[in-house]
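Structure first, then comments.
The values are calculated or read from the model by the stated rules, or taken from the named source; none is laboratory data. Only a predicted model underlies this, so the values are computations on that prediction, with no experimental measurement involved. Neighbour counts are summed over all protein chains in view; Cβ atoms, including those assigned to glycine, are modelled from backbone coordinates with ideal geometry.
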């Protein structure tokens, strides 16, 4: 059997400037894959189908990693449901269909753990997809991502297109979005506690009760998982075409806040605003399938938080962070 990925492959990483895409590029480069194809939004707008067709015709990628997406936290998803649904559907459809029609040999699509039902049995196995209602605060993004997973699966079934998907848990690390209203929980906590440390604030107020349980994966671990899947995973005929990616370990938001306090050196108190939504009560992935193939996450949360806080502070100093 020929190798699933070779150094001669021309690998297009869509979304290379995002947190996930940049980590995937780093992993590929470390492994010696030198023919990486990238395009900024000014060079290629993935929302425009004809532009995507023209770009593929010109650059002829043989492998595609689709890490581009419109992402955001609870407030952003609740405020802009049409944007999250429309933009993600367009990006996915344009890239996946064009890759298939252009003769791309392999494609990896990044889904999300928010695609699973709100009250899925824990830890969440891949089979839980489409077995129940989604968490309302991110259902628009989740529905779009489900469509992407199923498009990859449908093209594999009908046309033999070698498209696989990965379902990462909550990501954090270099290149995250620290916007005051549109970020996810971990970067929001880092921003808040760093600012409070700088201001010597007596307290910091966090959303919700702090009771929900979440799993967090350093984005460089995701990059390595994507590389591993590209090199080693070919789904069995008729089998699942997507795999969970995570640590398999969760933590309460309250304990996460305490961990961020330690990483930032904040000395004040934490208060909780229970009038704000908690979201899904627990979300922990079953990562046994990927582990059985030979891959596990390697970056402990404490180490990842410390390096992420250092990266964030350096980015602030360099005026290079999304606020």
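In the range 84-112, the residues that are on the phi > 0 side of the Ramachandran plot and buried (at least 18 other Cβ atoms within 10 Å of the Cβ) never reach a residue that is at pLDDT 95 or above and in a helix (DSSP H, G or I) with C-beta atoms less than 6 angstrom apart, at least six apart or across chains. Listed here are the strands (runs of 3 or more DSSP E) enclosed by the range 150-266 that have at least 3 residues being more than 19 Å from the chain's Cα centre (by Cα): 203-207. Here residue 254 fulfils each of the conditions (1) in contact with a strand residue (DSSP E or B) (Cβ under 8 Å, 6 or more places away or on another chain); (2) buried (at least 19 other Cβ atoms within 10 Å of the Cβ); (3) at pLDDT 95 or above apart from (2). Condition (residue is in contact with a helix residue (DSSP H, G or I) (Cβ under 9 Å, 6 or more places away or on another chain), surrounded by 15 or more Cβ atoms within 10 Å (Cβ to Cβ) and modelled with pLDDT of 95 or more) applied to the range 271-283: is it met by at least one residue? The answer is yes; a qualifying residue exists. Filtering the range 1-56 to residues that are on the phi > 0 side of the Ramachandran plot and touching a helix residue (DSSP H, G or I) at 6+ places or on another chain (Cβ under 9 Å) leaves only 15.
Just need a number here: residues in the range 82-115 that are at pLDDT 95 or above and part of a loop (DSSP other than H, G, I, E, B). Residues meeting the conditions: 5. Of all residues in the range 22-68, those that are surrounded by 15 or more Cβ atoms within 10 Å (Cβ to Cβ) and touching a strand residue (DSSP E or B) at 6+ places or on another chain (Cβ under 7 Å) total 16. Criterion applied to 204, 219 was being modelled with pLDDT of 95 or more, surrounded by fewer than 24 Cβ atoms within 10 Å (Cβ to Cβ) and touching a strand residue (DSSP E or B) at 6+ places or on another chain (Cβ under 7 Å), and the one residue passing it is 204. Return yes or no: is residue 132 assigned to a loop (DSSP other than H, G, I, E, B), under 22 Å from residue 63 (Cβ atoms) and out of contact with any helix residue (DSSP H, G or I) (no Cβ under 8 Å at 6 or more places or on another chain)? No: the conditions fail for residue 132. The set of residues in the range 290-318 being buried (at least 17 other Cβ atoms within 10 Å of the Cβ) and part of a helix (DSSP H, G or I) consists of 290, 301, 304, 305, 308, 309, 312, 315. When only residues in the range 3-33 that are more than 22 Å from the chain's Cα centre (by Cα) and over 19 Å from residue 228 (Cβ atoms) count, which is modelled with the lowest pLDDT? Per the stated criteria, the residue is 8. Please tell me if residue 133 is under 21 Å from residue 150 (Cα atoms) and without any contact (Cβ under 8 Å) to a residue 60 or more places away in the chain. Yes; evaluated as a whole, the condition is true for this residue.
Yes or no, residue by residue, for (1) in contact (Cβ under 8 Å) with a residue 12 or more places away in the chain; (2) within 16 Å of residue 18 (Cβ to Cβ); (3) touching a helix residue (DSSP H, G or I) at 6+ places or on another chain (Cβ under 7 Å):
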position	(1), (2), (3)
151	yes, no, yes
161	yes, no, yes
173	yes, yes, yes
177	yes, yes, yes
187	yes, yes, no
